[in-house]
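**Student:** One structure follows; several queries about it will come next.
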Amino acid sequence: MFAAYALATFGDWFDALAIQVIVAYRWGADPLLLALIPVTMALPGVLLGSFAGALADRLHKAKLMLLCDLVTAMLTAAILAAPNLYWLLPLLAFRSAAGVFHVPAQQALTRQVVPPGQLLQATALNGLVGQGSKVAGPLLGAAALAAFGPKACIAINIGARLLSAALLYPLGRLPNGAADGRHVPGGPRPHMLSGLLGEWREGWLLLAQAKLLRNTMLFGLIALIVLMMVDYQFAALLRGIAPDNESLIGWLVSAIGAGAVLVLLLLNRFRRISSGWGLGGGCALIGAGIALLGLCPPGTGAAWLLGFGLLIGIGNGAYMVTQNYVLQKETPEQAVGRVFGIQNTISSAIMLTAPLAGGVLIRLVSAGTAFLLIGLLLAAIGTAGVLFHTVLWPASPPERDEAGLPPAAERSYPGGA
């Protein structure tokens with residue numbers, strides 16, 4: 001499962017770079033049409049995210065992931081033959097819909113196969129692949145683009161998805177985990193649609209009633225709305241700081257990924273993490289790095305910019321792994337897919353609106369000022385999370401081993417919620 005996820009993640013980077021080159025350079029698309037690409041890819045998450053989570057809890061998770069990989073490979077092959085942007089956009093939307101079903105299935109399967117005491121390490125390893133691909137993916141993708149052209153990069157993604165499906169195929173023999181326990185043996189099984197709608201409602205009710213899950217999701221919602229206002233505007237900021245260095249955006253993205261990799265390697269050594277310090281502290285570090293970038297005048301050295309990017313990455317890594325760990329740990333196993341599906345719905349909805357608001361803000365006050373304001377606001381949100389962590393994330397009972405004792409790593413140092 002881990003190898004399949006790694007292949008799919010790296011393949012996506014090759015594909016994303018190639019599509020940008022084809023649309024912007026080969027087809028010469030208008031900037032407004034270019035802006036439709038992320039909107040098109042976010043829309044399926046808004047429409048299908050929470051239902052995809054309910055379906056992931058109901059169906060066999062490994063088989064659902066395998067099907068998503070095969071569908072993604074077929075749609076990517078269709079993208080390879082797309083003659084223009086008007087064909088490309090619906091294909092990207094359908095392919096994004098396959099990813100909407102893949103994410104909650106993978107999270108639910110992780111919870112099924114990983115012992116509770118190793119859940120933080122598993123979450124950190126998954127995050128390590130995502131952030132490591134952010135460092136290596138653009139570099140490898142750029143090299144492949146230069147050597148073979150964009151269509152070859154898209155073909156690489158097709159191959160990666162097919163290999164991912166092949167790795168998932170043996171997992172089809174796994175039992176369906178806690179999903180098998182929702183029905184009384186020998187009793188009537190509810191109709192597929194009515195059962196799915198009921199489980200979808202149960203997922204939202206679980207979030208509304210479980211304080212740790214609700215507060216984690218709300219904190220993440222507020223932080224993400226603020227962050228997304230500038231997340232797609234780094235190029236606009238760097239254009240004013242170093243107008244002659246177009247490659248600087250790639251180095252900054254790699255620096256952010258490298259910072260996340262460093263903290264994920266550290267967290268992989270632990271079994272628990274404090275929610276207050278992971279979520280609040282991570283958000284505060286992201287905000288500090290963004291604010292410092294906003295303060296940089298024209299001509300600032302690349303070393304300073306990459307250092308601030310590293311700081312953002314450290315905060316991003318701590319925040320991301322803590323959020324996924326809390327959602328995994330505090331959610332009943334049979335509802336993990338639904339919770340992550342709802343998270344996907346919320347994140348996709350934010351991506352439809354927050355970047356546009358950020359673009360308006362930058363037009364009003366300049367890129368540097370916008371980054372400074374957004375960074376300070378994120379730092380304030382993160383600091384509040386640290387100061388009020390006992391209220392937002394009250395400590396939950398530690399897991400017990402077979403002897404009834406907490407895991408050894410938790411007995412050696414104090415842990416948070």
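**Student:** Residue under question is Pro104, and the condition is that it be touching a residue at least 40 places away in the same chain (Cβ under 8 Å), assigned by the TED database to the domain that holds Lys151 and under 15 Å from the mean Cα position of the chain (by Cα); does it hold?
**Tutor:** yes
**Student:** In the range 326-344, which residues are open to solvent by 20 Å² or more (accessible area, probe 1.4 Å) and over 14 Å from Arg111 (Cα atoms)?
**Tutor:** Gln343, Asn344
**Student:** Restricting to the range 273-297, name every residue that is touching a helix residue (DSSP H, G or I) at 6+ places or on another chain (Cβ under 6 Å), within 20 Å of Thr390 (Cβ to Cβ) and part of a loop (DSSP other than H, G, I, E, B).
**Tutor:** Ile273
**Student:** Do you know which residues across the range 285-299 are under 19 Å from the mean Cα position of the chain (by Cα) and either open to solvent by 20 Å² or more (accessible area, probe 1.4 Å) or free of Cβ contacts under 8 Å to residues at least 40 places away in the same chain (or both)?
**Tutor:** Of everything in the range 285-299, just one residue is under 19 Å from the mean Cα position of the chain (by Cα) and either open to solvent by 20 Å² or more (accessible area, probe 1.4 Å) or free of Cβ contacts under 8 Å to residues at least 40 places away in the same chain (or both), namely Leu285.
**Student:** Looking at Ala258, Ala318, Ala302, can you tell me which residue is open to solvent by less than 30 Å² (accessible area, probe 1.4 Å), in the same structural domain as Lys211 (by the TED database) and either at positive phi or touching a residue at least 12 places away in the same chain (Cβ under 8 Å) (or both)?
**Tutor:** On inspection, the qualifying residue turns out to be Ala318.
**Student:** Those residues that are in a helix (DSSP H, G or I), within 14 Å of Gly294 (Cα to Cα) and open to solvent by 50 Å² or more (accessible area, probe 1.4 Å), I need them from the range 345-371; list them, please.
**Tutor:** Val365, Thr369
**Student:** Counting only residues that are open to solvent by 30 Å² or more (accessible area, probe 1.4 Å), under 22 Å from the mean Cα position of the chain (by Cα) and either free of Cβ contacts under 8 Å to residues at least 60 places away in the same chain or closer than 14 Å to Ile19 by Cβ (or both), how many does the range 55-90 have?
**Tutor:** Total satisfying the criteria: 3.
**Student:** What number of residues within the range 198-223 are crowded, with 19+ Cβ neighbours inside 10 Å and either within 18 Å of Gly375 (Cα to Cα) or at pLDDT below 80 (or both)?
**Tutor:** Of the residues in the range 198-223, 7 are crowded, with 19+ Cβ neighbours inside 10 Å and either within 18 Å of Gly375 (Cα to Cα) or at pLDDT below 80 (or both).
**Student:** On to the next question. Looking for something modelled with pLDDT of 85 or more, within 26 Å of Ala42 (Cβ to Cβ) and touching a Pro at 6+ places or on another chain (Cβ under 9 Å) - is there at least one such residue anywhere in the range 67-81?
**Tutor:** Scanning the range 67-81, I find no residue that is modelled with pLDDT of 85 or more, within 26 Å of Ala42 (Cβ to Cβ) and touching a Pro at 6+ places or on another chain (Cβ under 9 Å), so the answer is no.
The values are calculated or read from the model by the stated rules, or taken from the named source; none is laboratory data. None of the values given here were measured: they were computed from a predicted structure. Positions of Cβ are backbone-derived with ideal geometry, glycine not excepted, and every protein chain shown enters the neighbour counts. We work out accessible area using only protein heavy atoms, side chains counted, and drop any ligands, DNA or RNA first. Shrake-Rupley method; radii C 1.70, N 1.55, O 1.52, S 1.80 Å.
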